[in-house]
Amino acid sequence: MPFIDTVSSNENGFPFYKEPEEYLEKISLDWRVNSAHLIIDELVAQDIIDTTKIIVLGFSEGAQVGPKLATKNKYISHLLLFGGNGLNQLFDPIITARMKATRGEISEMESQREIDSLFTVYKNIYANRNNTEREWWGHTYNRWASFTETAPIKYLLELEIPIYIANGSLDENS
């Protein structure tokens, strides 16, 4: 990413930044985990950081990265996760559809239609799991498939280090 650049707005007025092609080709859970792992190991090898306490903080998508990273890197002593969840990210839209029906915003039938359409998208994502050109909700199929292949809870349960998890009660995505 350039150090200084112009950020545009999308049709809703929200800031929008078009990611470089290289980023779209590489972004995946393993790429994020391996990059952070290599950085930590290099900092340790160069004696730049104290290995008695290495704390990883993961926010949002980083809260999906942190648990897998902590199972891979032996130097991580503590894990802080904010605004993420321990489940597969593809559950979030399903839960949202169910909650809309529970709140009376839509009928149960409409909720089920939303969920059925989500499963159609999910099947398409997994059928094209390495695709870096097709996108859903602003991310490539490759990114979605890699981040949802294994739920973070699997990695969290493997850890024997202190873990702190915090979420906002109004955050529908976690």
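The values are calculated or read from the model by the stated rules, or taken from the named source; none is laboratory data. This structure is a prediction, so every number in the text was calculated from the model and none was measured. All Cβ positions, glycine included, derive from the backbone under ideal geometry; neighbour counts span all protein chains shown. Just so you know, the surface numbers come from the protein's heavy atoms only, side chains and all, with ligands and any DNA or RNA stripped out. Shrake-Rupley method; radii C 1.70, N 1.55, O 1.52, S 1.80 Å.
Beta carbons closer than 9 Å, at least 6 apart along the sequence or on distinct chains, pair a first residue in the range 130-150 that is of a type in the set (Phe, Trp, Tyr) with a second that is open to solvent by 90 Å² or more (accessible area, probe 1.4 Å) and in a loop (DSSP other than H, G, I, E, B) for 141/130; 141/133; 141/134; 144/137. The set of residues from the range 9-50 being assigned to a loop (DSSP other than H, G, I, E, B) and open to solvent by less than 40 Å² (accessible area, probe 1.4 Å) comprises 27, 28.
Consider the range 79-94 and keep the residues that are of a type in the set (A, V, I, L, M, F, W, C) and assigned to a loop (DSSP other than H, G, I, E, B). The one that is surrounded by the most Cβ atoms within 10 Å (Cβ to Cβ) is 90.
Among the residues of the range 61-78, count how many are of a type in the set (S, T, N, Q) and in a loop (DSSP other than H, G, I, E, B). Residues that pass the stated criteria total 1.
Taking the criterion of being open to solvent by 70 Å² or more (accessible area, probe 1.4 Å) and either in a helix (DSSP H, G or I) or under 15 Å from residue 95 (Cβ atoms) (or both), the residues of the range 113-130 that qualify are 113, 116, 119, 120, 123, 126, 127. Hey, among the residues in the range 131-174 that are assigned to a loop (DSSP other than H, G, I, E, B) and in contact with an Asp or Glu (Cβ under 8 Å, 6 or more places away or on another chain), which one's nearest to residue 29 (Cα to Cα)? Here the answer is 132. Screening 110, 172, 135, 149 for residues that are open to solvent by 50 Å² or more (accessible area, probe 1.4 Å) and either at pLDDT 95 or above or touching a strand residue (DSSP E or B) at 6+ places or on another chain (Cβ under 7 Å) (or both) leaves exactly one candidate, 110. Consider the range 95-107 and keep the residues that are in contact with a helix residue (DSSP H, G or I) (Cβ under 9 Å, 6 or more places away or on another chain) and more than 28 Å from residue 66 (Cβ to Cβ). The one that is surrounded by the most Cβ atoms within 10 Å (Cβ to Cβ) is 101.
Checking the range 51-58 against the condition returns a match, with at least one residue being surrounded by 15 or more Cβ atoms within 10 Å (Cβ to Cβ), within 11 Å of the chain's Cα centre (by Cα) and not polar (S, T, N, Q).
Figure legend. Inter-residue proximity from the range 91-109: first residues under 20 Å from residue 151 (Cα atoms), second residues assigned to a loop (DSSP other than H, G, I, E, B) and of a type in the set (Ser, Thr, Tyr), beta-carbon distance below 8 Å, spacing 6+ or different chains. Indicated pairs: 92/174.
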